[in-house]
1. Scan segment 191-205 and tell me whether some residue there is part of a loop (DSSP other than H, G, I, E, B), more than 23 Å from the chain's Cα centre (by Cα) and surrounded by 16 or more Cβ atoms within 10 Å (Cβ to Cβ).
2. Considering only residues of segment 141-189 that are part of a helix (DSSP H, G or I) and acidic (Asp, Glu), which is modelled with the highest pLDDT?
3. Are any residues in segment 9-53 assigned to a loop (DSSP other than H, G, I, E, B), open to solvent by 50 Å² or more (accessible area, probe 1.4 Å) and farther than 18 Å from Asp137 by Cβ, and if so, which ones?
4. Could you pull out the residue among Tyr130, Tyr138 that is in contact with a Cys (Cβ under 7 Å, 6 or more places away or on another chain) and modelled with pLDDT of 80 or more?
5. So which residues in segment 63-82 are surrounded by 18 or more Cβ atoms within 10 Å (Cβ to Cβ), under 21 Å from the mean Cα position of the chain (by Cα) and under 19 Å from Arg19 (Cα atoms), if there are any at all?
6. Can you name the number of the only condition in (1) modelled with pLDDT under 95; (2) within 30 Å of Leu278 (Cβ to Cβ) that Ile80 fails?
7. Within the set of pairs 6+ apart or on separate chains, which have a first residue in segment 63-88 that is closer than 14 Å to Ser27 by Cβ, a second that is open to solvent by less than 90 Å² (accessible area, probe 1.4 Å) and among the aromatic types (Phe, Trp, Tyr), and C-beta atoms under 8 Å apart?
8. Kindly provide the set of residues from segment 15-37 that are at pLDDT below 85 and either of a type in the set (Gly, Ala, Ser) or over 23 Å from Ile190 (Cα atoms) (or both), ordered by number.
Amino acid sequence: MLEDQFYIYKKEVDWSVLREGFSIPVSTQVVFQERIKKYIKRGEKRDINIILDNHTYHVKLVNQIFDTKKYPGHSDIMQIRYSPQSPFAIKLREIFRASLDYLKEKRTFNRVTKFPKELIECIVLYTTQYENTFFLDYITNSESNQIKKVISGMKEEDFEFESNYKKIDASARIEARKQVVKIRRLDKAIGESLKLFYSFRCQVCGENFSERHNCFIVEAHHIDSFVSSLNNNADNIIVLCPNHHRIMHKTNPIFDKRENVFTYPNGFEEKLVLNRHL
């Protein structure tokens, strides 16, 4: 089934996730936007299935109504909803016991609670080959710590190459490969989604050099090294042609997120020519 899955959204766990639902920003999700337009219109809600730990749970997918005159061109606002005592919510609280305990300890029962970096846990939503069925993966705090230990000695360039081209280090221990397979699958999925969003064009030079050869070769790059930060949120990933990707790793330029400019060690500055998601 994994080959038929497309990334939708990675969401940090909060009180709302553990009890009632979460919104799905779909502006950069090309495949998901096309799918939802075919079967759920604005203002509609639909019963859907979510596969979690090999069990199917029933929740609702809602396409919210909003003022199109006030927000012309705004993407659909999708929500996954469920009740606090639903089997799905109960299962999430079992999985994310560490997050639940932290919220109870701090008595911060609201949607905007900020967790310490070392305690952040996430859910990840994917499509499946079935119209009304989605797949939910997750990354717990303990898994993040295990992954960090496994990849701590890995070079960032090697990790990104494996994520972009599905390369697996055959010499790595079986245990190590099992521990990173979830995070690498997620990392690749987010990158593939952004590649579609930018029509396989490099965000730095704007080119798709492989288009003339009837193929698509661009690569996902972490602005802040994933190996050190474990940050594979979409706002830490850009799409680059192979040339610019190699240059990034060779020179390690500094990125100004406010100006969207890379400054190289020799003083040369290069601004993103394509940017609709940072």
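The values are calculated or read from the model by the stated rules, or taken from the named source; none is laboratory data. Model, not experiment: these values are computed from the prediction. Cβ: placed from backbone, ideal geometry, glycine included. Neighbour counts: every protein chain shown. Side chains are part of the model used for accessible areas, which takes the heavy atoms of the whole protein and leaves out ligands, DNA and RNA. Shrake-Rupley method; radii C 1.70, N 1.55, O 1.52, S 1.80 Å.
1. yes
2. Asp187
3. Within segment 9-53, Glu20, Ser27, Lys41, Arg42, Glu44 meet the criteria.
4. Criteria check complete, one pass: Tyr138.
5. Within segment 63-82, Met78, Ile80 meet the criteria.
6. Of (1) modelled with pLDDT under 95; (2) within 30 Å of Leu278 (Cβ to Cβ), only one is false for Ile80: (1).
7. Partner pairs satisfying both residue conditions: His74/Phe66; Ile77/Phe66.
8. Residue satisfying the conditions is Ser27 alone.
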